[in-house]
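**Q** The structure under discussion is supplied below as structure tokens; questions concerning it will follow.
The values are calculated or read from the model by the stated rules, or taken from the named source; none is laboratory data. Just so we're clear, the structure is a prediction, and the values are computed from it rather than from any experiment. When we count neighbours, we look across all protein chains shown, and the Cβ atoms used for this are built from the backbone with ideal geometry, even at glycine. Keep in mind that these areas ignore ligands, DNA and RNA; they rest on the heavy atoms of the full protein, side chains included. Shrake-Rupley method; radii C 1.70, N 1.55, O 1.52, S 1.80 Å.
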Amino acid sequence: MYYQVMSFSHKNCDQDMREKLAFANDEEKIEMLNQLVEFEFIHEAFIVSTCNRVEVVLATRDNFSSYHTVLGLMSQKSGLNFYDVKSTGVRYDDEEAVQHIFSVVSSLDSLVVGESQITGQVKEAFMLSHRNGTAGRKLNRIISYAVKCAAEVRNATNISQNPISIASVAVAQAHKLLGDSMSGTTAVVVGAGEMGVLATKHLLRAGCDVVMLGREQEKVEQIAETLGENVKAGTMEKLPKYLNRYRLLFSATSAREPIITQELIENETIPRLWFDMAIPRDIEDMDLDKLQIFRIDDLRTISQDNHALREEQAVRANEIVEKYKEEFYAWLRALSIEPVIKEMREQVNEAIDVEMQRAIKKGFVPAEFEANMRKMAEQMFKRFLHEPTQNLRHSSTEKENANCIEAIKKMFNIDTENIDLKQYKNDHHTKGYNA
């Protein structure tokens, strides 16, 4: 069994491409997940789709086949040329895949290093697939260690102190451009999801009043009530009104097409500062002299500055990720040897049964001596197997002995592919994220 990740992120994939590759909702993810696991060489899968990345995470039998399958399905879904998808995506196999996931969950691969959302987003992506029956114990192992790794990164470094998100960077950029005049300004926040709520909180801290717009008045009113009296709730029908009244706007909806278009603009004389935090984009390209639009990729410079400020902590965090990757594989190798040892012992017991029955049938051993003979045979084989099994357990934790263990499995015709390793955790225990 192998691990694989196909990554389409802000590091290698521009915003236009990410918009086409992104999954608009859980239904689209589930459709893709079902297609993936229909292939016999893909055991499990889950998909992370955020404004900055699409990650397809797999447990496979054949990484070469799964790689081309993902490329083909993503090309079909997005309408992009297969070779464009191939040239844009980054493939990670096995240890590289595990290290990449640990880095993603620990927020070291984010557009804004140290942002606080990604850990929950990856957990939610796994749980969606788990509920759908397309992810299970093979990928749960990775999530278990990834979440523990992220927790240690947070505890051992200050990389996540004063957690930063795309929303906070956008508000910080607005404050940089507007200065002290931002305090007392009314900002429009389009979208009442997590990103919209985060933007609203940062705007309130900056001294702004906020008009929050969403699809459902009741839901937006409930959110606005929790945020305080300086937040006013409204529906999307009022969007044109507020676009033409206030200069500052932050948008983060799940719409598949731009919802803010030039035809909604009635007064072009208002200087406007807009931040589009959505993938796909909420704001279409416009030719307005007094409009300044910042999109997600425009925040890259701020992200890089943020990374530079935290470089020392990031180095320490990457060391933690490397340590967890090594521990994960050591645990996985150690855990995987237990069913091999158990199967070897079961083969011994079967051999004893066969030979005892043959010996009794041929008269080599009187039937009344069977129990004693069986006990003697079992003790002989236990003594014979004791040192080899201890050596197997010891060597299983070492990377260079992986081929040796595979050779033993082949020699004894042992298949552990579909064995639930949870039953062996008493010997090699780790407390993880439970699906």
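**Q** Could you check the spin-label model distance between HIS386 and GLU218? Points 7 Å from the Cα along Cα→Cβ, value in nm.
**A** Each label point lies 7 Å from its Cα, and together they span 7.1 nm.
**Q** Take the alpha carbon gyration tensor of the range 181-251, find the square roots of its eigenvalues, order them as a ≥ b ≥ c, and report rounded if a/c is under 1.5; if not, report prolate when a/b exceeds b/c, else oblate.
**A** Details: a/c = 1.73, a/b = 1.14, b/c = 1.51.
Because a/c hits 1.5 or more and a/b fails to exceed b/c, the range 181-251 counts as oblate.
**Q** Between VAL354 and ASP180, what is 0.36 nm times their sequence separation minus the Cα-Cα distance? Round to one decimal in nm. Let's see the in-between values first.
**A** On the way: separation 174, 0.36 × 174 = 62.64 nm, distance 8.78 nm.
Here the answer is 53.9 nm.
**Q** Going by the alpha-carbon gyration tensor, a ≥ b ≥ c the square roots of its eigenvalues, is the range 41-88 rounded (a/c under 1.5) or, if a/c is not under 1.5, prolate (a/b greater than b/c) versus oblate? Please list the in-between numbers first.
**A** Working: a/c = 2.22, a/b = 1.23, b/c = 1.80.
It comes out oblate by the Cα gyration axes.
**Q** Right, something else. Based on the Kirkwood radius over alpha-carbon pairs, what is the Stokes-Einstein translational diffusion coefficient of the range 198-309 at 20 °C with 1.002 mPa s viscosity, in µm²/s?
**A** The calculation lands on 141 µm²/s.
**Q** Once Rh is set to the Kirkwood radius over Cα pairs, what Stokes-Einstein translational diffusion coefficient, in µm²/s, holds for the chain at a temperature of 4 °C and a viscosity of 1.567 mPa s?
**A** Details: Rh = 25.0 Å.
Estimated diffusion coefficient is 52 µm²/s.
**Q** Under 1.5 on a/c is rounded, so check that first for the range 76-135, then, if it is not, pick prolate when a/b is larger than b/c and oblate when it is not; a ≥ b ≥ c are the square roots of the alpha carbon gyration tensor eigenvalues. Don't skip to the end; give the middle numbers.
**A** Details: a/c = 1.70, a/b = 1.24, b/c = 1.37.
It comes out oblate by the Cα gyration axes.
**Q** Which lysines have a Cα less than 25 Å from the Cα of LYS201, not counting those fewer than 8 places away in the same chain?
**A** Here the lysines satisfying the reach criterion relative to LYS201 are LYS123, LYS176, LYS219, LYS232, LYS238, LYS241.
**Q** Taking DSSP loops as anything outside H, G, I, E and B, show the longest stretch in the chain free of chymotrypsin sites (Phe, Trp or Tyr not before Pro) there with at most 13 other beta carbons within 10 Å. List each step's numbers first, then the result.
**A** Numbers: sites that count: PHE364, PHE412.
Formally, the longest exposed-site-free interval is 1-363.
**Q** In debye, nearest 20: dipole of the range 258-299 around its Cα centre with unit charges on the Cβ of K, R (+) and D, E (-)?
**A** 180 debye
**Q** Further question: Which angle from 0 to 90°, rounded to the nearest 10, does the C-alpha axis of helix 370-396 make with the longest principal axis of the chain?
**A** 40 degrees
**Q** Sequence neighbours fewer than 8 away in the same chain don't count; with that in mind, list the lysines whose C-alpha is under 19 Å from LYS20.
**A** LYS11, LYS29, LYS77, LYS86
**Q** Just to confirm, what accessible area per residue do you get for the chain at 1.4 Å probe, in whole Å²? Present the calculation step by step, with values, prior to reporting the outcome.
**A** Details: 21490 Å² over 435 residues.
Using a 1.4 Å probe on heavy atoms only, each residue of the chain averages 49 Å².
**Q** Also, quick follow-up: For the pair ASP285/ASN81, report the inter-label distance in nm, with labels modelled 7 Å from Cα in the Cβ direction.
**A** Output for this residue pair reads 1.9 nm.
**Q** While we're here: About its Cα centre, how strong a charge dipole does the chain have in debye, to the nearest 20, once Lys and Arg get +1 and Asp and Glu get -1 at the Cβ? Don't jump to the answer; show the numbers that get you there.
**A** On the way: 53 positive and 66 negative charges, 233 e Å.
Computed charge dipole of the chain: roughly 1120 debye.
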